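The values are calculated or read from the model by the stated rules, or taken from the named source; none is laboratory data. Since we're looking at a predicted model, the values are computed, not measured. We place every Cβ from the backbone using ideal geometry, glycine too, and count neighbours over all the protein chains shown. The accessibility values were calculated without ligands, DNA or RNA, using every heavy atom of the protein model including side chains. Shrake-Rupley method; radii C 1.70, N 1.55, O 1.52, S 1.80 Å.
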Amino acid sequence: MADPWLGRDFALRRVPLGEAAELLRESLAPYRAAFWRLLGLFVLLWIVVLALLFVQTIGPFLSEAAGAVAFTGYTAALDAASRSEPPDFRHLAVVARLGGDKLIVLMLTGVLPILLGILVLDAKWGLADTARFIGELSSAQVQPPTVMVSDLQNAANLASMPFTFVAPVWALYRWSASRSMAANLLACARNWRWVAVMTAFAMLADNLLIWMRTQGDGLAALSDAGGIATQMLLLAWTLALARRAFPPS
């Protein structure tokens, strides 16, 4: 079915839930081809994004904006590995070739969900507790309340649903910012079942990992490893889903 918003030749496909087995194989294929390279690239990006979290006051927003950009580059590396091309820093640098408008929109897709999450915290916990919580998020010495971390992560995951396909669209297609966002939103609407399943999985995983961090240093380290594995899988799954949903580039 063609989408008039995107052009007569744009045939966006609805991916059935029954293709889960094929999606899993396609998601794991890049890691089978270049696991250690992809793990090294991801950990490097993860460390940078995590370090930005500790910039006082604006750290959470800066970290999310950087994460949106960094993991779009990582999606390009995943795509290269799936085509048997060794992933490296050249693929991460795909974001450097984005136009200024596309880069700004990309960063906003990272910032808006956490901003909406903080508004949810403000409504539930009040302005004073929310402000203190944001300060604690940016502190290496103070552990923020687990229940507020869960509330923020859950709200941010839900708010991220309309941006599910941003990373593969920005990484793989040379469209304008408006066409890219339209393609992402239409793909989310056409494949809303997968968006819901992936969001539910992310929320369950995040809540489990947040709980594990409160159970001692041993499980805290395991929580970090689980967080890396979860995000790597979700990025690869989203890429595989996008490649099935979008027409060939």
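Assorted remarks:
- In a fully extended conformation the segment linking Arg90 and Met161 would gain 22.7 nm over its present Cα-Cα distance, using 0.36 nm per residue.
- Two-site FRET efficiency, Glu136 against Ala21, from Cβ-Cβ distance with R₀ of 45 Å, rounded to 0.05: 0.60
- Most mobile listed residue (Met212, Met232, Met161) in the chain, GNM with C-alpha springs under 10 Å: Met212
- Within the accessible area of the chain, the carbon and sulfur atoms contribute 67%, probe 1.4 Å, all protein chains present.
- Spatial extent of the range 94-245: Rg and Dmax, with the Cα atoms as the point set, Å: 16.8, 47
- Which of Lys102, Lys124 is most accessible, then next, and so on - probe 1.4 Å: Lys124, Lys102
- With the alpha-carbon atoms of the range 170-249 aligned to their principal axes, the span from lowest to highest coordinate is 47, 23, 21 Å, starting with the largest.
- Our estimate of slack between Ala128 and Val48, defined as 0.36 nm per intervening residue step minus the Cα-Cα distance, is 25.9 nm.
- Computed extension length for Phe35-Thr146: 36.7 nm, one decimal, from 0.36 nm per residue of separation with the Cα-Cα distance subtracted.
- Residue by residue, the range 109-123 carries 3J(HN,Hα) couplings of 5, x, 7, 4, x, 6, 5, 5, x, 5, 5, 5, 4, 4, 5 Hz when phi is fed to the Karplus relation 6.51 cos²θ - 1.76 cosθ + 1.60 (θ = phi - 60°); x denotes Gly or Pro.
- Compactness relative to 2.2 N^0.38 Å, alpha carbon Rg of the range 1-139: 1.31
- Residue-normalised accessible area of the range 114-200, given per residue in Å² at a 1.4 Å probe: 45
- Within the range 47-119, all pairs of alpha-carbon atoms sorted by distance into 10 Å bins from zero give the percentages 21, 43, 29, 7, 0.
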